[in-house]
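The values are calculated or read from the model by the stated rules, or taken from the named source; none is laboratory data. In this text, all values refer to a predicted model and were calculated from it rather than measured experimentally. Counting neighbours? That spans all protein chains shown, and the Cβs are built from the backbone with ideal geometry, glycine included. Side chains are part of the model used for accessible areas, which takes the heavy atoms of the whole protein and leaves out ligands, DNA and RNA. Shrake-Rupley method; radii C 1.70, N 1.55, O 1.52, S 1.80 Å.
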Amino acid sequence: MGLVDQAEFHFFHFFPYTDLPADHRERASLWVDFSNANYDPTVGHDLYNRYLSEMLLADKLGYDGLVLNEHHNTQYSMNPAPNLTAAALIPQTSGWISVFGTPPNLGYPNRLAEEYAMLDVMSGGRLRVAFPLGTGMEYWANAVNPATARARFRESIDIILHCWTDDGPRSYEGDFYTYRYLNPWPRPLQQPHPECYIVGTGSPETIELAAELGFGYSVVFIPRTVQLQVFDRYRERLAHHGHEPTPEKVAIGVMAYVAESDARAEEEFLPHVMYFFENALRTTPRYLNPPGYVTVPEFRKRIQAADVHGSANWDDLVAINRIVAGTPEKVADAIGGWIEEAGSNRLTLNLTLGDMPHWKVVKNTTLFAEEVIPRLRARKEAAA
Amino acid sequence: MTATPVTPAGPGSRVLFDQLDYDVNGTPTTVLAAGNPDAPRIVFLHGAGTFHGWAFAERWTERYRVLIPHHPGYGDSGDLDGLRDIHDLVLHYIELFDQLGLTADVNLVGFSLGGLIAARFAIEQKHRLRRLVLVAPAGLRVPGLAVDDLFRIPPEELPGRLVHRMDTLLPYLPSDPGDVDFTVDRYREIRTTAIMLWEQPYDRVLPRWLGRVDIPTLVVWGAEDRLLPVDLADSWAALLPRSTVARFPDAGHLVLDESADASAAVARFCDGGG
């Protein structure tokens, strides 16, 4: 029995705005204070249409689902309200829709519980969600205090779970939110509620929260080898809290590009990976760590760690992350190995990244579906 | 309470402060103390950073018992569990003043964030105070007067915004700008400030209630303040019934550190009759 035979492949799209001014490299940050005067809605309209078509292609090609995320004040993402995008995708798709996701503490949690329940009911129970704390940058963009964000985050998730699992009305008295009649309509179709993940960067607090709630766990922006230690710790805590550490509890992210040869794949993929790390992610330590966003000991750790936001070279990136470019065989080999080492059968795939042109997205997404996924499945059968 | 005689007022200073440690309703609280214990008292409430020393208070110790508490979440004091806003610090100081026996005749001096705390304290506790000095106090919103939000100022620009002459600050800055301990200490202090002021950097109570503070009040400002403009001085004075304004040339936001005249004026004001 391998993990590969139950592996799910989810197509992730960041919806980047890539029509940047020529002098954008002079800017220390393309987040938070990068002026929205640089956003051309006409270009944006074309990009939305293109990106939606790429997601629909992935659904038609048989990917298990589509994944969306949320960011604010940035060219990195045109999805500050991913539930709107999810709603647009639902009537045109048949796979899972994963909103990975809206920081629940940036608004009113009953409202997010309502929106997710709407999406779940509308889609016939195809919704999955993740609760991210949100990057530090989101707290410069929104009127929420970064210094109390974690406590508010916890309380928000608690409220959403009450919304989904309690028969209303009930009252809720929290440190941040008081509800006199918590009784949201609709309630989710999936029972007791859609599958949930916590997205983190491996901090002990988020691992513990995910384990305690029995949620899945996914990490971003930390090296692959560190992720493996984090997953071990998470599974240990999950078991401690009485939840079974099944493979779908851990979701891993993969950046992959498939082409006729390894050299061709690397040549076609590399510029967009570099664009993603050097430009799309480029921001300042100050925006990454607003006051109080992390605890004081965690801040001490962070300022002594390497900065992944805005500088990169290919060899380091490949050594640190799950990035592969090559023939279907090479890509399948790498991904099969990552599935086994992480003990995960949930993959979120970045097959489009940064300023990748449409033809490459179509080529890569199609080759991956037709040449890589079947190879992985066949490998399982051979092993069985 | 325990006392350790360690902390010099500043580099090369001859004045040593005793470090007194209190438990204020569960918050470990450090108070620096110098001067004759029987002399009249000056309590100084510091700003949002504790790194620039207390050399300006040296002259005060000649005639006063000078007490400098570190706010919860700053300097050597512990964090205040459940801190939400400035009023939590007012309550903290009511309790600390009780423990210190500061029930009357206190001269209260507050600088910047400490000025805001002192003003809020005075509104509720003026019976404990003899005189109030507000040094470039934070927190007053004046329509039409643009003030940069502290959190919007990049940390690398902050030293230049604090002083008129950089040599005032140099002895207190680490030689390596990336100094980890210094950076972490400043992060802790800006974190505490953010807990209280991120959502609303202005204090809605001040305009309505400062009129209660009918004790003699001195408003001190550096003419070259690049953090909180000197024009704010008149707005504070207009709300304080018994106030006078003293502006000092060639001094920035850290006016007490940059102007010996300013520091002397504070002592002289405290010397004055009720």
Q.
Which of the helices (runs of 4 or more DSSP H) found entirely inside region A:281-373 contain at least 2 residues meeting this: at pLDDT 90 or above and within 14 Å of chain B (Cβ to nearest Cβ)?
A. A:285-288, A:296-303
Q. Which one of the conditions (1) surrounded by 21 or more Cβ atoms within 10 Å (Cβ to Cβ); (2) under 22 Å from the mean Cα position of the chain (by Cα) does A:Ala265 fail to meet, given that it meets all the rest?
A. (2)
Q | A:Leu281 being open to solvent by 10 Å² or more (accessible area, probe 1.4 Å) and over 20 Å from A:Ile339 (Cβ atoms) | A | no
Q: Residue by residue through region A:236-252, note down the ones that are surrounded by fewer than 21 Cβ atoms within 10 Å (Cβ to Cβ) and not aliphatic (A, V, I, L, M).
A: A:Glu236, A:Arg237, A:His240, A:His241, A:Gly242, A:His243, A:Glu244, A:Pro245, A:Thr246, A:Pro247, A:Glu248
Q: Report the residue count in region B:240-257 for those that are open to solvent by 20 Å² or more (accessible area, probe 1.4 Å) and in contact (Cβ under 8 Å) with a residue 60 or more places away in the chain.
A: 2
Q) What is the one condition in (1) part of a loop (DSSP other than H, G, I, E, B); (2) more than 9 Å from every other protein chain (Cβ to nearest Cβ) that B:Glu199 does not satisfy? A) (2)
**Q.** A:Ala130 in a helix (DSSP H, G or I), under 18 Å from the mean Cα position of the chain (by Cα) and of a type outside the set (D, E, K, R)
**A.** no
Q) Residues in region A:214-222: is at least one of a type in the set (Phe, Trp, Tyr), assigned to a strand (DSSP E or B) and over 26 Å from A:Arg346 (Cβ atoms)? A) no
Q: Residue by residue through region B:151-184, note down the ones that are open to solvent by 80 Å² or more (accessible area, probe 1.4 Å), within 12 Å of another protein chain (Cβ to nearest Cβ) and modelled with pLDDT of 90 or more.
A: B:Arg152, B:Glu157, B:Asp181
(Q) So, in region A:142-164, how many residues would count as being more than 13 Å from every other protein chain (Cβ to nearest Cβ), aliphatic (A, V, I, L, M) and either within 18 Å of A:Ser203 (Cα to Cα) or touching a residue at least 60 places away in the same chain (Cβ under 8 Å) (or both)? (A) 1
Q: Check whether at least one residue in region A:218-225 is modelled with pLDDT of 95 or more and either more than 27 Å from A:Pro374 (Cβ to Cβ) or touching a Gly at 6+ places or on another chain (Cβ under 9 Å) (or both), and report yes or no.
A: no
Q: Scan (1) within 28 Å of A:Thr365 (Cβ to Cβ); (2) within 14 Å of chain B (Cβ to nearest Cβ) for the single condition A:Met274 breaks and write down its number.
A: (2)
Q) Is region B:186-194 home to any residue that is more than 14 Å from chain A (Cβ to nearest Cβ), open to solvent by less than 50 Å² (accessible area, probe 1.4 Å), in contact (Cβ under 8 Å) with a residue 12 or more places away in the chain and of a type outside the set (Asp, Glu)? A) no
Q. Since A:Gly337 meets every condition but one in (1) without any contact (Cβ under 8 Å) to a residue 24 or more places away in the chain; (2) open to solvent by 40 Å² or more (accessible area, probe 1.4 Å), which condition does it not meet?
A. (2)
Q: Would you confirm whether any residue within region A:243-258 is away from every other protein chain (no Cβ under 14 Å), of a type outside the set (Lys, Arg) and in a helix (DSSP H, G or I)?
A: yes
